[in-house]
1. In the range 180-200, what count of residues is obtained for those that are closer than 9 Å to Gly142 by Cβ and either over 17 Å from the mean Cα position of the chain (by Cα) or of a type in the set (Val, Ile, Thr) (or both)?
2. Considering each of Ile254, Ile207 in turn, give the residue that is crowded, with 18+ Cβ neighbours inside 10 Å and under 16 Å from Ala108 (Cβ atoms).
3. For the range 34-86, enumerate the residues that are surrounded by 13 or more Cβ atoms within 10 Å (Cβ to Cβ), at pLDDT 75 or above and of a type in the set (Val, Ile, Thr).
4. Can you tell me which residues in the range 257-284 are among the aromatic types (Phe, Trp, Tyr) and either farther than 28 Å from Glu54 by Cα or touching a strand residue (DSSP E or B) at 6+ places or on another chain (Cβ under 7 Å) (or both)?
5. Looking at the range 227-308, what helices (runs of 4 or more DSSP H) fall wholly within it and have at least 1 residues that are at pLDDT 85 or above and over 30 Å from Leu181 (Cβ atoms)?
6. Please identify the pairs in which a residue from the range 196-220 that is in the same structural domain as Val113 (by TED's automatic domain parsing) and closer than 18 Å to Arg232 by Cα has its Cβ atom under 6 Å from the Cβ atom of a residue that is surrounded by fewer than 17 Cβ atoms within 10 Å (Cβ to Cβ) and not acidic (Asp, Glu), counting only partners at least 6 apart or on another chain.
7. What residue, among those in the range 164-204 that are closer than 14 Å to Gln103 by Cα and of a type in the set (Val, Ile, Thr), is surrounded by the fewest Cβ atoms within 10 Å (Cβ to Cβ)?
8. Among the residues of the range 197-226 satisfying the criterion of being of a type in the set (S, T, N, Q) and not in a loop (DSSP other than H, G, I, E, B), which is nearest to Leu150 (Cα to Cα)?
Amino acid sequence: MLRYIIQRILLMIPTLLGVAILVFFLLRIMPGDIVEVMLLGEGGAVPQHVIEAERVRLGLDQPIYVQFFKWMAGVAQGNFGYSMWTGKPVAYEIGIRFELSLQVAVMATVLAVLIALPLGTMSAIFKDTWIDYTVRIVSIAGLAIPSFWLGMIIILLLLTYFSWHPPLTFTPLFENPAANLSQLIWPALAVGYRYSAVATRMTRSSILEVLQEDYIRTARAKGVLERLVVSRHAMRNAMLPVVTVIGLEFAFLIGGLVVTEQVFNLNGIGKLFVQATTRGDYTMVQALVLLVATFFIVVNFLIDLMYAALDPRIRYR
């Protein structure tokens, strides 16, 4: 097991290196010049020598391979450089937003799991009954309704009946837990509902498949209580694909809540992603892509380790 863990960790390095190479060179071949966007974006006239001086200051006058090796050398030391747009360290810009995005992702995941596992299990156990049909309607609605649209409906209802509106600034959890939760519970609910719909359908399908296995019929033939058959024999094996879906959705939420963050006035990673891309902020986009890629790789690694805990037949050597 330890050998497997070490091998997987070592494999993360070339994977992230490949991501870094791709994002660095793809950004450089995109049309547009960040210097011209910054200096000429408002329609003013800027002398050419000022534009050239700014390129020199940002290091854009150097050959592309020199820029790449300098950036990689900084990344290896934990230095992602400075934002080409704001002039502040990239790590600082990401750090002040990461707590918000991570908390929304965690809260949405918890809500989704609390909703999906019971509903998916009941839907599978009571197949083709009114309970199954109700759960399937709820889950299909969750897949059909965009989370940002549900977020707007939630805001309208809160504004109409409780005079609540999205706050202008983010309140950290440990600074004021009540204000923090009142701010983030609604976007987490809007996102978690769709998230739970995906997990509910996967849970239902997995449990239905497992309930057809021979060892389930054997347990029932021995007179084992149905509750124990489902909880001890079916659930653990059925959880493997469900855990995969939950983990991948969680990783997606770190940088994929662009519209939802806009609806609830949240200045998170998704919104920063869009701003950096539209402005052509190379260093910011590179760091954000690496952050999301790292998150996906780590989550996949943890999911693989959870497989062995859920299914004793799985052994990594």
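1. Selection size over the range 180-200: 2.
2. When all the criteria are applied, what remains is Ile254.
3. Val75, Thr86
4. Within the range 257-284, Phe264 is the sole residue that qualifies.
5. Ranges flagged: 235-255.
6. Ser206/Pro241
7. Ile185
8. Here the residue is Thr200.
The values are calculated or read from the model by the stated rules, or taken from the named source; none is laboratory data. This is a predicted model, so every value here is computed, not measured. Positions of Cβ are backbone-derived with ideal geometry, glycine not excepted, and every protein chain shown enters the neighbour counts.
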